[in-house]
Every structure is written in structure tokens, then in C-alpha cells.
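These notes concern the structure reproduced below.
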Amino acid sequence: MKKGCILFVIAALFYFSCTRNKNHTNTSPAPKNDTTKFFQVSQYIRSEIAEVNKTPYYIYKITVTNGKKDSSAVNTAVFNQISAQFLAPDINDSKLKKHYTENIFHDQTTKSFTISYTTADKELEIQNVEVLLQEDGETVKRIFMRKFFTYPDSSAIEQLSWKPGQSFQINRLVQKPGNKEKVYQTDVVWNEKS
């Protein structure tokens with residue numbers, strides 16, 4: 001008799017616990033806003049561009065096209081036009097940010113940090129960004145970007161490098177099917193340091 005009562009109580013508890021949760025829906029908490037803070041690459045480069053625009057630097061451009069070199073002085077309008085390639089697209093834009101992952105590496109040999117942003121989405125223009133910082137974690141040594149473009153008749157890869165307070169470089173490799181690839185290099189210097 002005691003076994004029967006105990007089994008009845010256990011079955012009743014089980015029944016009531018199951019029926020009590022019938023109307024309860026398990027929901028996950030609403031997704032929170034993205035609080036990840038990426039390095040503000042566009043903002044940083046905008047501040048560098050503003051500095052060049054307000055300081056009377058001698059600015060010059062060196063272009064190398066398939067091994068042929070040429071150089072010329074440029075004004076700030078031309079400087080702004082060329083340097084704009086570093087500003088867009090901005091991976092901090094909420095529509096793009098979700099496609100990038102951040103990795104931080106501390107290199108004790110060079111006493112620097114590398115912050116890398118990469119995407120697995122090959123359709124995005126910016127494939128990766130690397131920010132090299134001094135060991136203080138604030139002073140920028142270099143910024144590197146790699147962009148990929150697809151056109152109806154060709155594709156292009158751009159490697160961009162920004163050296164704060166001094167210069168930047170854009171290397172562009174263009175490949176058309178059945179043709180030899182073309183290589184273009186543009187260096188812009190405004191505060192050459194030995």
C-alpha cells in the first residue's frame with residue numbers, strides 16, 4: 001500500500017509539473033546591442049588628414065606603374081582625394097561590423113600590439129585591417145588594409161599602408177582574364193623623416 005501511495009504522489013507531482021509549464025514559453029533574452037569596440041580606423045585617418053590640411057607640408061606623390069616611376073608635388077585637394085581610399089567603407093558601420101572578427105596579438109619581441117579585423121565574406125570590399133600599436137597600446141605605428149574588388153572584366157587587390165604623421169602607400173594589382181596583371185603603386189609623403 002505504501003508503495004502505491006508513493007508512486008501515486010510521484011506521478012501526481014510529475015503530472016502537475018508538466019502541465020504547469022504547458023503555457024510557459026521558453027524564450028531567450030532579447031539580443032543586446034553590440035558593445036564591442038573596434039579601433040576607429042576611419043576616425044584616426046581623418047584626424048591625420050586634417051593635420052596635413054592645416055600644416056603647410058610639402059606633399060609629393062610617387063607613382064610606379066609596371067616598373068615605370070614618376071613623381072610630382074601635390075596640393076591638399078589631391079592629397080585628400082587619394083587618401084579618401086582609406087576612409088570607406090568603415091568597418092565600424094553597424095551593417096559591416098557584424099561581418100568582422102577582432103584578434104589582438106602582443107609581440108614581445110617588437111614590443112608592439114597588432115589588432116586584426118578579418119572577414120570570411122569574400123564579397124566585402126575590405127578583407128582585413130591591421131593596426132600596429134606601440135606597447136603602450138595607444139600610439140599607432142602603422143595601419144594596413146587589404147581590399148578586393150570584382151569588376152565585370154577584371155578583379156583588383158589593393159594593399160594600403162598608412163604611416164602616421166609621414167606617408168601612405170597604395171599598391172594595386174589588376175588582373176584581366178587572359179592578360180598580364182598590372183601593378184600600380186602610389187606613395188604619398190608629407191613629413192618625410194630620415
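Restricting attention to segment 49-194, close to 100% of DSSP beta bridges with both partner residues there are antiparallel.
Lysine pairs in segment 38-180 whose alpha-carbon atoms fall under 23 angstrom of each other, counting only those eight or more residues apart or on distinct chains, come to 25. Couplings for segment 118-128, taken from phi via the Karplus curve 6.51 cos²θ - 1.76 cosθ + 1.60 with θ = phi - 60°, read 10, 10, 9, 7, 6, 7, 6, 5, 8, 8, 7 Hz in order; Gly and Pro are left as x.
Could you please rank His99, His106, placing first whichever residue has the fewest other Cβ atoms within 10 Å of its Cβ? Can you show the working numbers first?
Values: His99 15, His106 12.
Arranged by neighbour count, lowest to highest, His99, His106 become His106, His99.
Every number here is computed from the coordinates shown, using simple stated rules; none is lab data. Computed from a predicted structure; not experimentally measured. Every residue, glycine among them, receives a Cβ derived from its backbone with ideal geometry; neighbour counts consider all protein chains shown.
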